[in-house]
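Here's the structure, in structure tokens; my notes come after.
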Amino acid sequence: MKKDTIEDILPLIEKPSRYLGNEINSVIKDIEKVRLHFALAFPDVYEIGMSHFGMQILYHILNEQHHIAAERVYAPGSDLAAQLQSSGIFLSSLETRTPLSEFDIIGFSLLYEMNYTNVLMMLDLAGIPFYASERNASHPVIIAGGPCTVNPEPVADFFDALVIGDGESVIVELSRIWMAWKDGGGKDKNTLLRDWSKIEGVYVPSFFEPVYDGPDFKELSFRHDDYRKVCRAIEPDLDQTAFPDTPVVPYGRPIHDRLRLEVARGCTRGCRFCQAGMIYRPVRERSVHNLMNLTEHSIAATGYDDISLLALSTGDYGCLSELMQNLFHCYASENIALSFPSFRAGTLSPEIMSLVKQVRKTGFTIAPEAGSERLRAVINKNISEQEIFDTVSAAFALGWKLIKFYFMIGLPTETEEDRQAIVDLVKRIRRKLKSDGYRPNINVSIGTFIPKSHVPFQWSPQISLAESQKIIFDLKRQLKMPGIEFKWQKPELSFLEGLWARGDRRLSRLLETAYRKGCCFDGWSDRFDYPLWEAAIHETGVDIDYFTTRARSVAEPLPWDHIDTGISKEFLISEYENALAAAPSADCRFGECQGCGVCDFDRIKPVYLAADAKPVAISDQKETGSARTANSSFPGLEMRCEIIYSKTGAARFFGHLEMVNIFTRAIRRTGLKIKFTEGFHPKPKLSFHNPLPVGMESEEESFYITFREFADCEEILMLMNRQLPAGLLVTGCAKIASSKRPLLSDIADYRVTIPEELDASKISAFNDASQWLLTRTTKKGRKKQINLKESVLNITKTSPGTLHLTLKSAEGLSVRPADVIQSVFQLTDTTIRLSEFIKEKQTPEPSQK
């Protein structure tokens, strides 16, 4: 069976909805009418990429420009990648299915070094040469941004340009210059890159050439005297920076499936290991008024029921109490929760604690990083053991049941006593919780310290792989006790991450070799293959210890010295020396400027906001949490309805739970008032009937829903259809009694289309058989035989490849039509997956009319 498009392949894929591209708030433009076609590429699967809000920001900014069409592409899962390769189909965008090779610009998000092989995989599946030197003006321009670009050298050979720092303004200027270049003929790529190099924050690797002295990096020579350093782009005012208020609402189960609000960017805590804390300076806070406006529009546009506040240190946000009060004030009536996964120890003020009582509780994360106060002073993690104890006690008192601790091993100056302090600290907290009457439920996660660029510890050695393995398993042994779950990152993975974090261009061939050997999705523990990496390292002659376990002199030239993040090298050296002396440094938010160098105190400066006690007015604040609860209703107006809908076309790829989520959010977006269940985690009063398997269409399905206010059925039907994706259509709505239970028929008719001619004699063989056994494996792995003769009422061949099938449920056991057809006609799994199954509309019996 020839497969020509991704649509032909989707029935064969494990999670097909991740590739549909028609989510709510996705943007599909006529690409014939735009001047620039821009692909935003994320080198990991959809569920992870859709959880990265930076890509949503750029998607929003670019599509706001009427002459630009921005589309998304994510790393395909291994099943789709294999199908693309075997079918000769090129990787394409979600929105218009345009092959990546036909885009003008492809922009990758580089968030994690261990995703680098996925970049090559995506280029390979698109038929695009890996190296920038092998691409000409006929190819898309390949660029990248994200935190990994502050040391771009390990992947510099693969990109035409990289964005260093905030991308909101840079992406617009890159696009403007590209369109002007294209209008001028668009033949000389070097001209485009030269113009791009004049934009603050844009690095063009081909304008620099590495120089080595034997095994040592010496310098990057430059081609242009006016282009020797690249200064990080910084957005000075978040209130004036674009932020999406209609974010794309993902299908499936993304890692972070909620409304995310960036309350601040940057951190002043000064942890000496933390790259993010250095490269996102200075702190810039977003105003409560801005955040409340964003929330109002975003909730209406998405239907989310959960809000998460984003910042490197959310507890430091100056208006946190005011913001939380306003969010509770405006959204408690709709059961929209506020999620707080973590607080920095020592930031829980009494006022915040009183508000946190209302927050949805999951796991509470604390990151002491080191077990001893001495080592915390070395890394400038200025929290005391008492603050850790107080935060844990407060979290349990406020309702949290699970505490997650994160520690690092291999930190500079670490001793055996420091590692033992991790064990002792966890044991003391466990004893304290038990003595306070709580059941200890503690997760301890251990990671190996990885020195990164542009931090005070960039000169420090990383501990060896063998040492990391020994320490982790020794800690695991000591913390093996009830109430403690011990987790760790694979030491091999951390070791390789350290290689890429401080590598140079000599690693380019290693990356290609590793990919050619089969390395991909290296950040996934179940896909990471260290022996393959070892083989690639051996083949390319890379000395991994040179880049990882070797200590560096502060006078040594570094491959990333040409990247100016704003933090001066003198400051980093000073902090490195303070670390070796175990001398903490003050937080400039609360004290004097530490002279890191990032602020000019004119355009670039800290933006700290003071709290205002008054609630912020938003345009539609008709109800408040204090005035009405989520289940308040006007007397006599509560209404229960049966909603009839069809599920056809692309909607057949939605799983049942996924579809429930889609409908729930669609109803929220209509503004209709849903009634909720009682309890600590209220859920919408919504009951679906007869879950359908992924891949099956249906002409008629139904669910019951209770509204807490009266609404006209025709209006409900109209409002819901405006909010549903293609393939889901509400066809009816009727008010029903609150006591009515669904009348579920045990008989169903199906129309089945098979992509090959069927042998009618096999139907006769089935009809003539006294029994027809099908063996099923239960969830517990047991074998169970089912007699299909008890479930199949009729099989009729209506055309060479079409059947009509009637099934009934037997003794509470439901048989899927795919099982019947495969068993009777002995079809392959692939043929069954490529077949079309449509559940037909039931004709009601007289008693049901």
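The values are calculated or read from the model by the stated rules, or taken from the named source; none is laboratory data. Everything quoted here is computed from the prediction, not taken from an experiment. Every residue, glycine among them, receives a Cβ derived from its backbone with ideal geometry; neighbour counts consider all protein chains shown. To get the accessible areas, we keep the full protein, side chains included, count just its heavy atoms, and leave off ligands, DNA and RNA. Shrake-Rupley method; radii C 1.70, N 1.55, O 1.52, S 1.80 Å.
Below is a table of values for the structure above.
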quantity	calculated
Conditions (1) in a helix (DSSP H, G or I); (2) in contact with a strand residue (DSSP E or B) (Cβ under 8 Å, 6 or more places away or on another chain); number of the one not met by L261	(1)
Given (1) open to solvent by 60 Å² or more (accessible area, probe 1.4 Å); (2) at pLDDT 95 or above; (3) touching a strand residue (DSSP E or B) at 6+ places or on another chain (Cβ under 9 Å), number of the condition H256 does not satisfy	(2)
For F90: the one exception among (1) surrounded by fewer than 21 Cβ atoms within 10 Å (Cβ to Cβ); (2) within 21 Å of R135 (Cβ to Cβ); (3) in contact (Cβ under 8 Å) with a residue 60 or more places away in the chain	(3)
Verdict on S287 being small (G, A, S), under 17 Å from the mean Cα position of the chain (by Cα) and within 24 Å of S354 (Cβ to Cβ)	no
Qualifying residue in region 524-540 (condition: open to solvent by less than 60 Å² (accessible area, probe 1.4 Å), more than 15 Å from S494 (Cα to Cα) and of a type in the set (D, E))	no
Strands (runs of 3 or more DSSP E) (entirely within region 146-235) containing at least 2 residues that are out of contact with any His (no Cβ under 9 Å at 6 or more places or on another chain), open to solvent by less than 60 Å² (accessible area, probe 1.4 Å) and of a type outside the set (S, T, N, Q)	161-163, 208-213
Qualifying positions in region 1-33 - over 12 Å from S93 (Cβ atoms) and among the basic types (K, R)	K2, K3, K15, R18, K33
Flag for R751 being of a type in the set (K, R), at pLDDT 95 or above and under 25 Å from H689 (Cα atoms)	yes
Complete set of residues in region 811-831 that are open to solvent by 20 Å² or more (accessible area, probe 1.4 Å) and either in a helix (DSSP H, G or I) or more than 30 Å from E7 (Cα to Cα) (or both)	E811, G812, L813, A818, D819, Q822, D829, T830
Per-region count, region 456-510, residues of a type in the set (A, V, I, L, M) and under 27 Å from the mean Cα position of the chain (by Cα)	4
Selection count where residues are in contact with a helix residue (DSSP H, G or I) (Cβ under 7 Å, 6 or more places away or on another chain) and either under 30 Å from S687 (Cβ atoms) or touching a residue at least 24 places away in the same chain (Cβ under 8 Å) (or both), scope region 764-794	5
Test: residue in region 12-33 that is in a helix (DSSP H, G or I), touching an Asp or Glu at 6+ places or on another chain (Cβ under 9 Å), farther than 23 Å from V694 by Cβ and open to solvent by less than 10 Å² (accessible area, probe 1.4 Å)	no
So L672, is it free of Cβ contacts under 8 Å to residues at least 60 places away in the same chain, part of a loop (DSSP other than H, G, I, E, B) and either under 16 Å from G303 (Cα atoms) or touching a Pro at 6+ places or on another chain (Cβ under 6 Å) (or both)	yes
Filtered residue count, region 675-692, keeping only those that are open to solvent by less than 30 Å² (accessible area, probe 1.4 Å) and either more than 22 Å from F710 (Cα to Cα) or in contact with a Leu (Cβ under 7 Å, 6 or more places away or on another chain) (or both)	2
Filter result for the condition that a residue is open to solvent by less than 20 Å² (accessible area, probe 1.4 Å), assigned to a strand (DSSP E or B) and within 26 Å of G801 (Cβ to Cβ), over V752, V730	V752
Residue satisfying all of: in region 494-507; open to solvent by less than 10 Å² (accessible area, probe 1.4 Å) and either part of a helix (DSSP H, G or I) or in contact with a strand residue (DSSP E or B) (Cβ under 7 Å, 6 or more places away or on another chain) (or both); nearest to E153 (Cα to Cα) among these	D504
Condition broken by E512, with the remaining ones in (1) farther than 14 Å from Y116 by Cβ; (2) open to solvent by 40 Å² or more (accessible area, probe 1.4 Å); (3) charged (D, E, K, R) satisfied	(1)
Selection within region 755-800 - open to solvent by 70 Å² or more (accessible area, probe 1.4 Å), in contact with a strand residue (DSSP E or B) (Cβ under 7 Å, 6 or more places away or on another chain) and not in a helix (DSSP H, G or I)	Q771, L773, T775, T777, K783, K784, Q785, L793, T798
Number of the condition not met by D8 [criteria: (1) open to solvent by less than 10 Å² (accessible area, probe 1.4 Å); (2) among the acidic types (D, E); (3) in a helix (DSSP H, G or I)]	(1)
Qualifying residue in region 469-483 (condition: part of a helix (DSSP H, G or I), at pLDDT 95 or above and closer than 17 Å to T413 by Cα)	yes
Residue within region 38-51 that is more than 24 Å from Q240 (Cα to Cα), β-branched (V, I, T) and part of a loop (DSSP other than H, G, I, E, B) present	yes
Residue that is nearest to the chain's Cα centre (by Cα) [pool: residues in region 646-657 that are surrounded by fewer than 18 Cβ atoms within 10 Å (Cβ to Cβ) and not aliphatic (A, V, I, L, M)]	H656
Residue list for region 59-76, filter: part of a loop (DSSP other than H, G, I, E, B), of a type outside the set (A, V, I, L, M) and open to solvent by less than 10 Å² (accessible area, probe 1.4 Å)	P76
Any hit, region 454-469, residues being without any contact (Cβ under 8 Å) to a residue 24 or more places away in the chain and surrounded by 15 or more Cβ atoms within 10 Å (Cβ to Cβ)	yes
Residue pairs meeting the criteria (Cβ under 9 Å; at least 6 apart or on separate chains; first modelled with pLDDT under 95, in region 127-147; second among the acidic types (D, E) and surrounded by fewer than 18 Cβ atoms within 10 Å (Cβ to Cβ))	A137/D188
Residues of region 541-556 classified as free of Cβ contacts under 8 Å to residues at least 60 places away in the same chain, open to solvent by less than 30 Å² (accessible area, probe 1.4 Å) and not aliphatic (A, V, I, L, M), total	1
Tally, over region 46-58, of residues that are surrounded by fewer than 22 Cβ atoms within 10 Å (Cβ to Cβ) and in contact with a strand residue (DSSP E or B) (Cβ under 6 Å, 6 or more places away or on another chain)	1
Checking Q594 against (1) at pLDDT 95 or above; (2) in contact with a helix residue (DSSP H, G or I) (Cβ under 8 Å, 6 or more places away or on another chain); (3) surrounded by fewer than 16 Cβ atoms within 10 Å (Cβ to Cβ), the condition it does not meet	(1)
